[in-house]
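Read-outs: derived from the displayed coordinates by stated rules, not from any lab. This one's a predicted model, so the numbers in the text were calculated from it and none came from an experiment. We place every Cβ from the backbone using ideal geometry, glycine too, and count neighbours over all the protein chains shown.
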Amino acid sequence: MKAPASYPAIPCSPARPAALVKLAAIVLLCSLCCSCRLVYKNSLSRDGFVVYSNDGQDFLEETGSRIENIYTSLAEIFDIARPFPWTTRIFLEGQSEDLLDYSYAPDLLGYYVPFLQVIHIDTRATSTNHSSDLDQVLLHEISHHFLVSELPGISDRCWLNEGLAGNLEVGIIGKDRAEFPLLNPILLGLARREITANPDRTLLPGLLESDWKAFHNEKTRERNYALSWALVYFLLTETHPPGMPLGRRIKKIHRLEEAEIISLEANWRKKILELHPVRELYKLACNDSSSRRLSALWAIEELGKARGLNARSSLAAVTSLFEKKSPAIREAAYVSFLQLLTSNPQVPFLEPRKTEEAVDRLKSVITDGEASPRLRSRIVANLEAHRTTGKDWVPLLVDSLEDPHPGVRAAAAGALAKMAPKPTILRPAFWSSATLKERTQEIDEWKSWLAARKSD
């Protein structure tokens, strides 16, 4: 399975011929920076960066706030005083069809040009349905900027530059704090596969010696990203005291000699092969301490996405979280189970008993008037994912039209529109503001329809 994206930092040295064509395009782009308003419709300026986009101002403001939070979080890691001593230009291609596309490689979602302090984010990253995916791309590229600015010579050590960015991109940026679990499930899976396939071949010397051209070779780029992430993850988590601040660990790794790193290959291999992606995510999910809450919720979401993960293992992990004491963990697990069914429709056939038990649990949550209305609305709205289980959810959805909470009623109407051939009123305003008499009339029509269906 391919990694979701690769995000290279273009090399600083123009002496590398392979990069000249790419750099020429970037230089052309940046030559327009003095007149960016002629190229991009909107811009936003904050401490340390300026963002340009052809998308709407609302999108730009929202994304700019996320970028500002990322800058604040990375500044804390690297202990950088505000205001920032530099200003980075960030180009977001947005979601419109008529955008100017300056991408030099269609399979890349972003890149960073160190000597120009320019970040470019590809259209596909900005148009994602998951804001966390865009955050991952932004974190990767902005991390490159901080790394190059704070760690001299790192541009010439591709494994360290990309490995650190691959670890830092797995950051959960909240409004008032951030957490960096470092675990990258997809890259972990790829690294394990590469190590397993080469039991007798030393991997680290070639990785550490790779220049930019060799590292980003199309045939080996994926493995190099994965191995670099795995090596840096090992160095960050296994060679320093757990309580040491992340920024200090990064700087210590930067000072390590290559010979010392290469001598750790046997230990590194052993550790990475001991790490199972689902098991590691589950460990994170179970840690519901206040300082790790964001990481726990992120891990549960990743289990539901199951990207590069074993679906059966993910199902077992997610459903076991149903029994946790923490309401936040349980709720996240319910939603993750829905997501797992959506992304892996084969799950009910692989694990019919476990799936049925989980579905019954969700049914009890929907009908529990004491449960969170927000959670019940979310479950009801996604019941379409349960079609593969063979369950007839229509009667329950019709009952949910009488729920005391308008959000649940509106979600039930939306689900019915997808799952039953009878027209229904979808407007949320109707289910929140219509009179009881008006709602009762609509509900009675549904009950009559159900009765007729049973007779047939």
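Here are a few things to note about the model shown:
- In Å, descending, principal axis extents of the Cα set of region 185-274: 37, 29, 24
- Set of aspartates and glutamates with alpha-carbon distance to Lys363 below 15 Å, sequence-local pairs under 8 removed: Glu331, Glu384, Asp392, Asp399, Asp403
- Pairs from Lys270/Lys305; Lys175/Lys283; Lys219/Lys270; Lys283/Lys324; Lys175/Lys251; Lys41/Lys175 whose Cα-Cα separation, in the structure shown, is over 19 Å: Lys270/Lys305; Lys175/Lys283; Lys219/Lys270; Lys175/Lys251; Lys41/Lys175
- Distance from the C-alpha centroid of region 224-300 to that of region 411-451: 51 Å, rounded to the whole angstrom.
- Placing a label point 7 Å from the Cα of Arg307 along the Cα-to-Cβ line, the residues of region 343-360 whose backbone N sits under 16 Å from it are 343-344.
- Derived scalar couplings ³J(HN,Hα) [region 249-260; Karplus, 6.51 cos²θ - 1.76 cosθ + 1.60; whole Hz; x for Gly, Pro]: 4, 4, 5, 5, 5, 4, 8, 5, 7, 4, 4, 5
- Spacing of the modelled spin labels on Ser364 and Arg453, each 7 Å from Cα toward Cβ, amounts to 2.6 nm.
- For region 361-453, radius of gyration divided by Kirkwood radius, i.e. Rg to Rh on alpha-carbons: 0.93
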